[in-house]
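Enquirer: Just passing along the structure, written as C-alpha cells.
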Amino acid sequence: GDYSCTFTYSAQGGTNEQWQMNVGISEDNGLFSCSIWRPQGKSYLFFTQFKAEVKGAKIEHAMAYSQAAVGAQNDIPLKQEEFEITETTVSHREGKFRFELSKLTIAAKTSRDEL
C-alpha cells in the first residue's frame, strides 16, 4: 500500500543466518508495524551499522535488541544510548553501538487524513 519499511545494514561474519521481516497494518489503518529479527535468537553477525526506515508513517515506538527471545530466553534490549530514533528511522549510534543486533521492532502512526 502506501507504507514501506526498509532495512539496511553492514555486518561481518555469520554463516547462513536466517532472518525474517514482517510488516503489517492495523485494521483501522492507523498503525503500521515493521519487525526484523532472527528467529533462532541471538545473531552472530558483527553489525557495524544498521538503519530501518519507514515511509508513509511516523514512528511512535521502536526498540532494538541484542538478543531475540527463543525458548525460555527473553528479548534483551540494546541500551538506549546505542541507537537513535527519529520520526522515520531507527539507526545505530556511531561510537556507542556495540555491534550486536538480533531484533528490531517499529510501530508507526500512519498520516492518513481524518474525515
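Enquirer: With every protein chain kept in place and ligands, DNA and RNA left out, what is the accessible area per residue of the stretch 48-115? Probe 1.4 Å, answer in Å².
Expert: Per-residue value: 59 Å².
Enquirer: For the peptides 59-71, 22-34, what is the packing order when you average, over each peptide's residues, the other Cβ atoms within 10 Å and list the highest mean first? Please report the intermediate quantities before stating the final value.
Expert: Details: 59-71: 17.3, 22-34: 14.6.
Descending mean neighbour count gives 59-71, 22-34.
Enquirer: OK, next. The chain: Rg/Rh from Cα coordinates, Kirkwood Rh? Walk me through the intermediate numbers first.
Expert: Working: Rg = 14.5 Å, Rh = 14.6 Å.
Answer for the chain: 0.99.
Enquirer: Checking the cross-link filter: which lysines have an alpha carbon closer than 17 Å to that of residue 79, excluding same-chain neighbours under 8 positions apart?
Expert: Within the straight-line cut-off, residue 79 pairs with 42, 51, 96, 103.
Enquirer: Separate question: Set the Förster radius R0 to 35 Å, insert the Cβ-Cβ distance between residue 55 and residue 15 as r into 1/(1 + (r/R0)^6), and round the FRET efficiency to 0.05.
Expert: Values: r = 32 Å, r/R0 = 0.92.
E(calc), rounded to 0.05, equals 0.60.
Enquirer: Assuming R0 = 30 Å, what is the FRET efficiency of residue 23 and residue 48, from their Cβ-Cβ distance, to the nearest 0.05?
Expert: For residue 23 and residue 48, the calculated efficiency is 0.75.
Enquirer: Evaluate the distance, in nm, between pseudo-label points positioned 7 Å from the Cα of residue 4 and of residue 69 along their respective Cα→Cβ axes.
Expert: 3.1
Enquirer: For every other residue with a beta carbon closer than 14 angstrom to the beta carbon of residue 62, add +1 if it is Lys or Arg and -1 if Asp or Glu, then tell me the sum.
Expert: Taking every other residue near residue 62 into account, the sum is -1.
Enquirer: Report the extension gain between residue 99 and residue 86 in nm, rounded to one decimal, defined as 0.36 nm multiplied by the number of residues separating them, less their alpha carbon distance.
Expert: Difference between extended and current length: 2.7 nm.
Enquirer: Follow-up. Over the chain, what percent of the accessible surface lies on carbon and sulfur atoms, probe 1.4 Å? Let's see the in-between values first.
Expert: Working: 3280 of 7110 Å².
For the chain, the apolar C and S fraction of the accessible surface comes to 46 percent.
The values are calculated or read from the model by the stated rules, or taken from the named source; none is laboratory data. Remember, it's a predicted structure, so these values are computed and weren't measured experimentally. Here the Cβ is made from the backbone with ideal geometry for all residues, glycine too, and neighbour counts use every protein chain on show. Just so you know, the surface numbers come from the protein's heavy atoms only, side chains and all, with ligands and any DNA or RNA stripped out. Shrake-Rupley method; radii C 1.70, N 1.55, O 1.52, S 1.80 Å.
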